[in-house]
Amino acid sequence: MFVHGLATNPGWDWPTFFQFFTTRTIFSALWVTVQLTVYGTVLGFALGAVHGWRGTGGARSR
């Protein structure tokens, strides 16, 4: 019922939403967000691998 109202209610004014949502600025910001996500993931994985490889993970086996 909520989805039906969301799709059919003229008060949401979907054409205007898509007009603003598909501008170049929004796509540029989305691309920056994806890039930062990838960079953060790669950096976190690399630092975690180095941390584990050095044996400084905190759990030492005897």
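For the condition surrounded by 10 or more Cβ atoms within 10 Å (Cβ to Cβ) and at pLDDT below 95, what is the one hit in Gly44, Gly48, Gly40, Gly58? Give the derivation first.
Numbers: Gly44 fails: at pLDDT below 95; Gly40 fails: at pLDDT below 95; Gly58 fails: surrounded by 10 or more Cβ atoms within 10 Å (Cβ to Cβ).
From the options Gly44, Gly48, Gly40, Gly58, the qualifying one is Gly48.
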Legend entry - Given (1) surrounded by 10 or more Cβ atoms within 10 Å (Cβ to Cβ); (2) touching a helix residue (DSSP H, G or I) at 6+ places or on another chain (Cβ under 9 Å); (3) at pLDDT below 95, index of the condition Ile26 fails: (3)
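The values are calculated or read from the model by the stated rules, or taken from the named source; none is laboratory data. Note that the coordinates shown come from a computational prediction; the quantities given were computed from them, not determined experimentally. Glycine also receives a Cβ, built like all others from the backbone with ideal geometry; neighbour counts cover every protein chain displayed.
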